[in-house]
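Report on the following structure.
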Amino acid sequence: MIRIPCSTYRLQFHSGFTFKDALKILNYLNGLGLSDIYASPIFKAQEGSTHGYDVVDPNELSPTLGEYSDFERLTGEVQDRKMGWLQDIVPNHMAISYENEILADILENGPHSKFYEFFDIEWHHPYESIKGRLLAPFLGRFYNECLDSGEIQIKYDANGFTVNYYDLRLPLKIESYATILKYRLSSLKKRLGAQHPDYIKLVGLMYVFRTLDSGDELGERLDQVRFIKRILWELYSTNLDIRQFVEENVRIFNGAGPGASYNLLDSLLSEQLFRLAFWKVSTEETNYRRFFNINGLISLRVERDEVFRYTHNLILRLVDEGKITGLRIDHIDGLYDPEAYLEKLRNRAKNAYIVVEKIVDLDEDPPSTWPIQGTTGYEFINYVNSVYCDRRHEKQFTRLYNSFIQHKLSYVDLVYDKKKLIIDKDMSGDVDNLAMLLKRFSANDRYGNDITLNGLRRAIVEVLACFPVYRTYISQDSPRNAELRYIEEAMAKAKEKRPDLIYELNFVQKFLLLQFDKNTSEEEEKNWIAWTMRFQQMTGPLMAKGFEDTTLYIYTRLISLNEVGGNPSRFGISVDDLHRFSSKRSAQWPHALSEGSTHDTKRGEDVRARINVLSEIPAEWETRIKIWNKLNHAKKTPLGKINAPDRNDEYFLYQALLGTFPFEEGELTDYVSRVRNFIIKAIREAKQHTEWLKPDSAYEEAFITFTEQLLETSG
């Protein structure tokens with residue numbers, strides 16, 4: 001029987017809040033009437049992680065959170081109090097890290113690794129530089145600059161040879177060990193003698209490195225690799241001559257100055273199953289699917305049975321043991337086939353309460369066929385919040401906003417423009433991959449004969465930018481009406497925006513709507529579906545980055561409406577709208593989570609409530625901001641053609657301060673620091689005058705100074 005939570009409390013586990021710390025507050029939470037613990041990811045994450053979403057081993061609890069016995073004691077106490085445990089899990093991606101033993105095994109063994117197909121990597125990419133190699137875009141400068149400056153170094157320890165670049169550490173493929181060890185081998189032979197047993201062992205190892213078993217028995221190869229790495233370490237640890245030989249070779253390979261001394265290292269790196277690259281390369285060329293635009297998070301092919309089984313082994317065992325009673329599925333829209341994944345999960349966890357992190361538009365419904373209890377509740381947040389926005393004053397509020405910022409800002413155009421900005425800045429390579437895949441799949445389609453790769457790319461960009469929801473869920477089954485409606489809406493908008501691409505857009509539309517011809521073969525149909533499902537994996541990340549993380553920091557008419565899953569252009573809803581939504585949700589998803597804020601929301605309930613009051617008093621609000629603008633004009637800093645902060649950022653700031661200003665004077669010192677950090681985040685997310693990857697210190701300092709002077713006056 002599925003345990004339905006009554007009330008949950010989110011615990012953010014990290015090194016500063018462990019299983020033992022949670023145990024200390026359990027009685028308090030129980031006394032408040034909380035029915036279930038709602039836990040952040042608890043599986044082994046990248047070293048130093050404070051959030052747990054950068055998992056490196058889904059089959060091990062994070063050692064920074066305590067011993068397994070600590071977890072057992074905590075879950076035991078939870079059960080004793082008849083409470084449940086809702087666990088946040090991350091099926092979509094893992095961290096690119098040496099700690100990620102699955103990825104390390106792939107980079108050491110390539111196609112001979114049993115994990116070779118675990119990650120969403122295009123090993124057969126058309127670009128020669130990343131064909132058969134994973135792009136590793138983690139360098140702070142161009143590759144040749146990092147190489148010639150000695151920033152890239154080879155190291156050797158008990159785990160083997162690795163390539164190191166500051167905190168980045170990647171394993172050399174096993175066959176490359178011979179490249180290092182055969183260099184200057186004659187000098188070691190002279191020193192030890194050809195008959196020395198350790199020399200014979202080392203020569204034997206080099207032979208094994210070149211002739212490793214590449215047959216079907218992957219387990220045998222893995223055993224061989226472990227054995228020869230152990231023998232090499234023993235030789236290195238017990239024979240001083242061999243240690244000095246290895247260390248000297250490593251030193252030579254690492255180079256001693258710009259130019260030819262790095263040729264050996266460059267040649268060695270060219271052999272690897274990864275290609276080190278400047279981080280910006282991934283925006284235009286990439287061969288792995290990232291989590292959004294984060295280079296350090298690589299997506300899993302969880303649609304493959306072996307990947308599902310491996311990555312869910314521990315979590316499902318904990319469910320079977322009753323330690324975990326519910327699952328919160330992170331970023332469900334990132335998966336290749338969300339419904340198939342959820343069906344697989346439900347079959348293995350029949351009595352688990354399952355909710356998904358799914359963002360839906362205010363007028364959108366989650367797929368009714370998903371075997372879940374519902375979503376995590378973003379739609380509930382936005383309906384409840386919107387009912388407190390006074391709809392009667394929308395026109396007045398729009399007028400005063402446009403008047404203050406001194407131009408008319410179109411919300412619809414802004415979303416479109418910012419999604420195209422994100423494609424251009426962060427996802428160009430992903431779009432290219434989609435275009436090349438479509439070009440390959442459509443090679444024999446006479447309707448696509450004269451459509452160029454660039455034409456397909458431009459058409460795909462337009463459809464992505466015009467897409468009205470986070471994603472659709474077309475798969476092998478027939479498309480649902482909702483899918484068809486959203487795709488047709490996107491196509492109509494794209495054709496209106498770019499009538500010059502009508503032929504290309506019609507061709508893309510055929511694929512998205514699976515409009516097969518009578519003579520379309522079964523193999524071609526599979527390719528069409530595969531391409532459409534790939535396309536669907538891109539719309540969500542683009543919406544998240546273009547809308548959530550950009551538009552919501554620019555369109556600031558009333559920032560209490562600027563929330564994940566919200567629609568700032570919709571100025572409030574009626575009480576009847578809320579009742580209709582609640583009745584419908586109660587009938588369809590009676591056990592979904594209903595929350596006022598989450599760890600992902602932009603603002604808490606109290607802040608939104610304060611700012612919503614402004615919708616009730618537009619005249620007074622307009623009077624105040626005009627007075628403040630006049631009083632504070634001298635606090636601005638002239639920067640070129642603008643006075644910083646600009647008027648839109650100034651308008652944003654006044655709302656933020658009204659929503660968060662402390663009631664107690666003693667809280668002001670800490671408040672100033674928090675506001676300073678918030679302002680930097682907000683204006684970098686907006687990408688108008690500064691951004692994370694290219695900060696404009698002059699604008700940021702001007703805005704911070706302006707804010708601090710306001711708060712000094714307030715204090």
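Projecting the Cα atoms of V307, G326, V281 onto the charge dipole of segment 261-341 (Cβ charges, centred on the Cα centre) puts G326 farthest toward the positive pole.
Taking the protein heavy atoms of segment 630-678 in the context of the full set of protein chains, the accessible area attributed to carbon and sulfur is 56 percent at 1.4 Å.
Taking 8 Å as the Cα distance limit and 6 or more residues as the minimum spacing, I'd like the relative contact order of the chain as a percentage. The normalised contact order for the chain reaches 13 percent.
Applying 1/(1 + (r/R0)^6) with R0 = 56 Å to the Cβ-Cβ distance of R184 and H579 gives a FRET efficiency near 0.10. Rolling a 1.4 Å probe over the protein heavy atoms of segment 382-458, with every protein chain left in place, gives an accessible area that is 47 percent carbon and sulfur. Of all DSSP-defined beta bridges confined to the chain, some 50% are antiparallel rather than parallel.
Inter-label distance, E271 to I617: 7.4 nm, where each label sits 7 Å from its Cα along the C-beta direction. Each of N519 and W628 was given a label point 7 Å from its Cα along the Cα-to-Cβ line. The distance between the two points is 6.8 nm. Listed values [x] 162; [y] 150; [z] 203 include one computed from this model; for volume of the Cα convex hull per residue in Å³ that value carries the label [z]. Charge tally for K630 (other residues, Cβ to Cβ under 14 Å; Lys, Arg +1; Asp, Glu -1): +3. Rounded to 0.05, the FRET efficiency of the N27 and K681 pair, given R0 = 35 Å and the Cβ-Cβ distance, is 0.45. Under 5 Å between amide hydrogens, built in the peptide plane, is the criterion, and for C389 it picks out I573 among residues at least 5 positions away or on other chains.
Rolling a 1.4 angstrom probe over segment 181-256 with all protein chains present gives an accessible area of which 52% lies on carbon and sulfur atoms.
Across segment 532-541, rounded Karplus estimates of 3J(HN,Hα) from the backbone phi angles (6.51 cos²θ - 1.76 cosθ + 1.60, θ = phi - 60°) give 4, 5, 5, 4, 5, 6, 9, 5, x, x Hz, Gly and Pro being marked x. In this structure, the pairs whose alpha-carbon distance is over 22 Å, taken from K493/K526; K495/K687; K280/K694; K173/K201; K497/K681, are K493/K526; K495/K687; K497/K681. Taking 0.36 nm per residue of separation and subtracting the Cα-Cα distance, full extension of the segment from V250 to V360 would add 34.2 nm. Just report the Cα centroid separation between segment 389-413 and segment 603-677, whole Å. That distance is 17 Å.
Distance between the pseudo-spin-label points of E667 and L240 (7 Å out from Cα toward the beta carbon): 6.7 nm. Accessible surface for the chain, divided over its residues, is 44 Å² per residue with a 1.4 Å probe.
The values are calculated or read from the model by the stated rules, or taken from the named source; none is laboratory data. As the structure is a computational prediction, the values presented were derived from the model and not from experiment. Because the Cβ atoms are built from the backbone with ideal geometry, glycine has one as well, and the counts that use them run over all protein chains shown. In case anyone asks, the SASA skips ligands and DNA or RNA and just uses the protein heavy atoms, side chains included. Shrake-Rupley method; radii C 1.70, N 1.55, O 1.52, S 1.80 Å.
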